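K.L.:
Sharing a structure, written as structure tokens. Questions coming.
Computed from the coordinates by the stated procedures, all read-outs in this text should not be read as laboratory data. Treat the numbers as computed from the prediction; the structure is a model and nothing was measured. Counting neighbours? That spans all protein chains shown, and the Cβs are built from the backbone with ideal geometry, glycine included.
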Amino acid sequence: MVPTLNAIFANHQHCSGALLPILHEIQHAFGYVPDEVVPLIAKQLNLSRAEVHGVITYYHHFRRTPPGKHVVRICCAEACQSVGGETLAEYAKEKLQDSNTTLEPVYCLGLCAIGPAMQIDETKLHAKVTPEKFDALIDALGERS
């Protein structure tokens, strides 16, 4: 872990406002921002641990625990809410509770006219997701019990 962190720090050593880019790189490298790196980041950037922790916990994008094998994001923004996004999110929460899939709410996937929208593993976007379509997509991942 330390060699990776040192490389990330080196990439940003001359950048002002490097905290967010460093956090993004750490999450990309490890899948989350481990609690044990907070003091290292703080020392590197001459910040307090509380400042680093505050940024990590403020932004929903950053995870503090490892994600599951798959990450499913469901849009909870107003456009998707108006066509059943909240209902879909509750359905997904219930269906994924015993799986190795991480469910995350997001606030816009850019498919506002064809919601509710869902994303699987940061690459696959799906529109007009119903509970039935959700089940088919999750079953295709082979993750549901």
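K.L.:
Report yes if some residue within region 63-72 is surrounded by 12 or more Cβ atoms within 10 Å (Cβ to Cβ) and over 17 Å from the mean Cα position of the chain (by Cα); otherwise report no.
P.N.:
In the first step, residues of region 63-72 are kept if they are surrounded by 12 or more Cβ atoms within 10 Å (Cβ to Cβ); the result is 63-64, 67-72.
Subsequent filtering for residues that are over 17 Å from the mean Cα position of the chain (by Cα) retains none.
So far as region 63-72 goes, no, none of its residues is surrounded by 12 or more Cβ atoms within 10 Å (Cβ to Cβ) and over 17 Å from the mean Cα position of the chain (by Cα).
K.L.:
Now for a separate question. Take Ala7 and tell me if it is free of Cβ contacts under 8 Å to residues at least 12 places away in the same chain, farther than 30 Å from Ala127 by Cβ and touching a Ser or Thr at 6+ places or on another chain (Cβ under 7 Å).
P.N.:
no
K.L.:
Taking region 2-55 as the search range and keeping residues that are over 24 Å from Pro67 (Cα atoms) and either of a type in the set (Phe, Trp, Tyr) or in contact with an Asp or Glu (Cβ under 9 Å, 6 or more places away or on another chain) (or both), which one is surrounded by the fewest Cβ atoms within 10 Å (Cβ to Cβ)?
P.N.:
Result: Asn11.
K.L.:
Can you report the number of residues in region 99-136 which are in a helix (DSSP H, G or I) and either buried (at least 16 other Cβ atoms within 10 Å of the Cβ) or of a type in the set (Asp, Glu) (or both)?
P.N.:
4
K.L.:
Are any residues in region 7-58 of a type in the set (Ser, Thr, Tyr) and more than 21 Å from Val106 (Cβ to Cβ), and if so, which ones?
P.N.:
Once the filter is applied, which keeps residues that are of a type in the set (Ser, Thr, Tyr) and more than 21 Å from Val106 (Cβ to Cβ), region 7-58 yields Ser16, Ser48.
K.L.:
Which ones in region 26-40 are in a helix (DSSP H, G or I) and in contact with a Lys or Arg (Cβ under 8 Å, 6 or more places away or on another chain)?
P.N.:
Passing the criteria: Gln27, Asp35, Val38, Pro39.
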